[in-house]
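The values are calculated or read from the model by the stated rules, or taken from the named source; none is laboratory data. The structure presented is a predicted model; accordingly, all values stated were derived computationally and were not measured. Positions of Cβ are generated from backbone atoms using ideal geometry, with glycine treated the same way; all protein chains shown enter the neighbour counts. The protein model used for the area step is the full one, side chains on, heavy atoms only, and it has no ligands, DNA or RNA in it. Shrake-Rupley method; radii C 1.70, N 1.55, O 1.52, S 1.80 Å.
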Amino acid sequence: MDVRINESWKEVLQAEFGKPYFADLINFVKSQYGSHRVFPQGKNIFRAFDKCPFDSVKVVIIGQDPYHGPGQANGLCFSVNDGVPFPPSLQNIFQEVHADTGRPIPPTGNLDRWAEQGVLLLNAVLTVREHEAASHAGMGWERFTDAVVNALAMRKNGLVYMLWGAYAQKKTSFVDPQRNCILKAVHPSPLSAHRGYFGCRHFSRANEYLTSNGQTPIDW
């Protein structure tokens with residue numbers, strides 16, 4: 001199957017694209033776009049990979065599924081387009097960035113600037129029906145994004161995994177902590193952020209690790 005995705009990722013993930021589950025998944029997704037309002041726009045489903053090629057990955061952040069409100073999802077986890085109000089989790093992320101690094105709260109919630117520096121902003125499920133969180137869970141996306149994480153774990157060392165919440169932590173349970181930096185905290189959702197997300201200092205800790213390994217830190 002010819003999937004429109006960054007060439008570096010296409011090479012790494014080519015075996016997945018030929019598996020029966022992936023064909024079933026694509027058929028399901030196409031039918032959903034034809035019969036429901038689904039986010040993100042079809043052209044943005046694999047945008048996280050296009051904005052952060054495989055060879056550029058330095059940091060991995062994992063979300064669950066895209067924002068399901070109109071105009072929010074843009075293909076990168078936790079990110080929204082310019083001019084879109086910050087969802088609560090993103091507000092809390094920016095608060096922690098500010099407290100940790102001193103960087104001011106940005107005027108936009110568009111995280112392209114992170115992706116372009118090597119931050120893979122990966123949702124475990126890449127599509128969702130409007131106003132129906134997790135509506136495309138269990139249809140095959142999780143198997144595909146498991147393969148993404150496995151490809152990173154097998155082929156790259158020295159990555160920073162910023163794992164917020166039990167879901168992200170479980171998804172990366174096989175990543176070798178001896179060869180990578182694994183940072184764990186509760187999810188930045190307002191329901192949990194005050195129980196350990198605030199004060200986790202993941203952003204400065206990530207940069208300390210990158211710098212110690214001879215890599216350029218992220219301008220958060």
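A compact table of results
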item: Qualifying residue in the stretch 77-86 (condition: in a strand (DSSP E or B) and within 21 Å of Glu132 (Cβ to Cβ)); result: yes
item: Residue within the stretch 181-198 that is in contact (Cβ under 8 Å) with a residue 40 or more places away in the chain, surrounded by fewer than 20 Cβ atoms within 10 Å (Cβ to Cβ) and either part of a helix (DSSP H, G or I) or of a type outside the set (Gly, Ala, Ser) (or both) present; result: yes
item: Qualifying positions in the stretch 28-44 - open to solvent by less than 20 Å² (accessible area, probe 1.4 Å) and farther than 16 Å from Gly71 by Cβ; result: Val29, Gln32
item: Any hit, the stretch 132-148, residues being of a type outside the set (S, T, N, Q), surrounded by 14 or more Cβ atoms within 10 Å (Cβ to Cβ), touching a Cys at 6+ places or on another chain (Cβ under 6 Å) and not in a loop (DSSP other than H, G, I, E, B); result: no
item: Members of the stretch 208-220 that are touching a residue at least 24 places away in the same chain (Cβ under 8 Å) and surrounded by 13 or more Cβ atoms within 10 Å (Cβ to Cβ); result: Tyr209, Leu210, Asn213, Gln215, Ile218, Trp220
item: Subset of the stretch 177-203 (residues that are touching a Phe, Trp or Tyr at 6+ places or on another chain (Cβ under 6 Å) and aromatic (Phe, Trp, Tyr)); result: Phe203
item: Output for the stretch 14-31, where each listed residue is touching a Phe, Trp or Tyr at 6+ places or on another chain (Cβ under 9 Å) and more than 18 Å from Met139 (Cα to Cα); result: none
item: Pair list, Cβ under 6 Å, 6 or more apart: the stretch 97-124 residue surrounded by 16 or more Cβ atoms within 10 Å (Cβ to Cβ), other residue among the acidic types (Asp, Glu); result: Asn110/Asp82; Asn123/Asp65; Ala124/Glu142
item: Subset of the stretch 188-204 [under 18 Å from Leu121 (Cβ atoms) and among the charged types (D, E, K, R)]; result: none
item: All positions within the stretch 98-120 that are in a helix (DSSP H, G or I) and among the small types (Gly, Ala, Ser); result: Ala99, Ala115
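Yes/no matrix, rows are residues, columns are (1) over 15 Å from the mean Cα position of the chain (by Cα); (2) crowded, with 22+ Cβ neighbours inside 10 Å; (3) more than 25 Å from Lys184 (Cβ to Cβ):
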position	(1), (2), (3)
Phe46	no, no, yes
Asp55	yes, no, yes
Ile61	no, yes, no
Asn74	no, yes, yes
Cys77	no, yes, no
